[in-house]
Structures are given as C-alpha cells and as structure tokens.
Amino acid sequence: MNSGLCESFFAVLADRNRLSIINLILEKDLTVSEISEQLNLEQSLVSHHLKTLKDHGFVEFKIDGKNRVYSANKDTVRPLMDIMRSHVYNLCGFACQYKIDEWARMSPVKSINHETEVVMEKIKVLTKFSAAKINSRKKLKEVSDFFNTTMITHFKAEEMTLFKKMRKKTKVVEDLLDEHKFMRKKFLELKAIADSENVDREGLKEIANSISKIITSHIDKEENVLIPKAKQVLTKKEFDDIAKQSEKMEAEV
C-alpha cells in the first residue's frame, strides 16, 4: 500500500461520526433515516458520510423498495474496528482539526466536495451547546473562529475566483452570493454570542438551524449547478488558473 493510499484510508476512519455509523451497521443493516435518528445527525450529513465510506469500500447498500439499506463488510471491517476502536476515538479531536486544516487549503472547486462534512461538524457543536449538552466556552469560541475566519476566507476565495469567472455565465452565482451575505451576518451574530458574558442558548439554536438549513441548499447549488456549468464553459487551463489563484489568496491570509 503506497503512502498516499494509506493516508486516505485512515483519514476516512479518523472521524467520530463515520466510526459511529460503522459501529451501527456492523450490528444491523440500516437506512439513512434510521442512522440519522439513532445518532441524532442530519440526514444530509449521514448521506455524505455513507458516500465517503462506500467510495472507500467500507460499506455497501441494497435497494429495499424506495430505500437504500446500508451494511458494512463484516469480514474486513469488524477486525479493523476492533483494533482501531480503542485508539481512534482518543485521537479524533486532532484528526477532525487536521481535516479542517486540509480542507482550508483546497481550491474552491475541490473544497466544495468536502464542505458539507466540515461545516456540519461545527453545526453539531452549536446544536449541543444550545441544548446545554456541552458547556465548553473554548469549543464555542473555536466554532465562532472557524466560521468568522476559515469560512470567510473560503467565501472570499470562491467569490474572487470561481464566482467571478462564472457570474455572467449562470444566474445561480447571484443566489450563492446572496447566501454568502446571509451567512456572514449569522457568523457575526455567533461571534457576538460567543464573546458575550452570558451565552444566549436560544440564539445559538436559531443560528445553528439557519446555517444548517441554508448550507445544504447552498452546497447543492454549487455541486449540481455551478460546477457542472463551469465544466461545460471553462477550459482545463481556466480551471487550473482558478485553483492557483485561490491557493495564492489563502496562503496570503
């Protein structure tokens, strides 16, 4: 196994939610909605994780009526999980931060494929804080810093490269820009709460719900409208130029 493949293999498993999903479907085949309910995760996030696990050969699915029923490859996954279970959970905090750092360095085109996963990890923290399931002000501040620095930098990179190139070629860019404006407002509201002496948990709940609702639609437009259109009208060189420009922008931040 070469080093790149090995790194990709273990990076897939270095995620608490994906490990939880594998643990569930090792015992019983489940649908997305059943996994979502048992783990208290958004269905969109569960679907994203299942796709990643399937792409790397960890899970399979079969069609049962209108539903996809997911199962794990028990012969290979169970021994691996027995070895990793006691180790990876302790390291997941580091692994998740490594994943965020890696995502922040990607070009806008490439990063779109991972945006849901990265953002929903942070939304989950806000949701837990609003419900008083966690009380760490440090974690709340980290989430606020992520949205007001990493995400804002990501937005700027998209706007100055991919969006700028495609603005006159598809109307969806105007929708995406409006959504960036809305989310920037919510990020500032989050910062105000995170910096305040007394945390407004109801305010956090509203912010988490707002971002969660809009980000799913936002990324869907990027993945299924903007990117396909860009592939139709831009040359390979133009795509490469977008990646280089965005990497330079983020390196200067």
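The values are calculated or read from the model by the stated rules, or taken from the named source; none is laboratory data. Quantities reported herein were computed from a predicted structural model and do not represent experimental measurements. Cβ sites come from the backbone with ideal geometry, for glycine too, and all protein chains shown count toward neighbours.
Annotations for the structure displayed:
- Residues that are under 13 Å from Glu142 (Cα atoms), of a type in the set (A, V, I, L, M) and either out of contact with any Gly (no Cβ under 6 Å at 6 or more places or on another chain) or not assigned by TED's automatic domain parsing to the domain that holds Ile214 (or both), drawn from region 174-195: Leu190, Ala194
- Matching residues in region 40-65 - criterion: being surrounded by fewer than 17 Cβ atoms within 10 Å (Cβ to Cβ) and among the aliphatic types (A, V, I, L, M): Ile63
- Neighbours by Cβ (under 9 Å, 6+ apart or cross-chain): first from region 169-181, aliphatic (A, V, I, L, M); second exposed (fewer than 15 other Cβ atoms within 10 Å of the Cβ) and not in a loop (DSSP other than H, G, I, E, B): Val173/Lys164
- Region 14-37 residues that are touching a residue at least 40 places away in the same chain (Cβ under 8 Å), paired with ones that are among the basic types (Lys, Arg) and surrounded by 17 or more Cβ atoms within 10 Å (Cβ to Cβ) (beta carbon under 8 Å, 6 or more apart): Ala14/Lys99; Asp15/Lys99
- For region 182-208, taking the residues that are small (Gly, Ala, Ser) and in contact (Cβ under 8 Å) with a residue 12 or more places away in the chain, the one that is surrounded by the most Cβ atoms within 10 Å (Cβ to Cβ) is identified as Ala208.
- There is no residue in region 164-174 that is of a type outside the set (D, E, K, R) and surrounded by fewer than 16 Cβ atoms within 10 Å (Cβ to Cβ).
- Residue in region 191-204 that is in a helix (DSSP H, G or I), within 21 Å of Leu45 (Cβ to Cβ) and in contact with a Phe, Trp or Tyr (Cβ under 9 Å, 6 or more places away or on another chain) present: yes
- Taking each residue of region 151-168 that is in contact (Cβ under 8 Å) with a residue 40 or more places away in the chain and looking for partners that are assigned to a helix (DSSP H, G or I) and among the acidic types (Asp, Glu) with beta-carbon atoms closer than 7 Å, six or more apart or interchain, yields Thr153/Glu250; Ala157/Glu250; Lys165/Glu238.
- Within region 215-248, the set of residues being within 20 Å of the chain's Cα centre (by Cα) and surrounded by 15 or more Cβ atoms within 10 Å (Cβ to Cβ) comprises Ile215, Thr216, His218, Ile219, Lys221, Glu222, Val225, Leu226, Ile227, Ala243, Ser246, Glu247.
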